[in-house]
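Encoded as structure tokens, the structure appears first; notes follow it.
Here, each number is a calculation from the coordinates, and none is a lab measurement. Since the model is a prediction, treat every value here as computed from it, not as a measurement. Positions of Cβ are backbone-derived with ideal geometry, glycine not excepted, and every protein chain shown enters the neighbour counts.
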Amino acid sequence: MRLGKAFGFFLMLVSVILATFYITWFFGFINGLDPELAVKIPILIIVLFFFFVVGWVGYVMYTTPIPRSFKGG
């Protein structure tokens, strides 16, 4: 259980650090990093994930065999 708590604390700490980094990047306080990329990169990742899911669903629909019908009764 100690390891789980330590990992939870680590995740909280990393999330605060990354959120702070993202906010400073988003508002242009970091020299050398374009603030527009703070918006473009997450949108690109979301769109690519969406198309990955759509492609995966299409693949599953295409490769799933047609179920055999059975006569009941």
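Within region 32-53, residues that are free of Cβ contacts under 8 Å to residues at least 24 places away in the same chain and surrounded by 10 or more Cβ atoms within 10 Å (Cβ to Cβ) have Cβ atoms under 8 Å from residues that are outside any helix (DSSP H, G or I) and hydrophobic (A, V, I, L, M, F, W, C) in these pairs: Pro35/Phe27, counting only partners at least 6 apart in sequence or on another chain.
The residues of region 29-73 that are within 26 Å of Ala19 (Cα to Cα), among the hydrophobic types (A, V, I, L, M, F, W, C) and not in a helix (DSSP H, G or I), listed by number, are Phe29, Ile30, Leu33.
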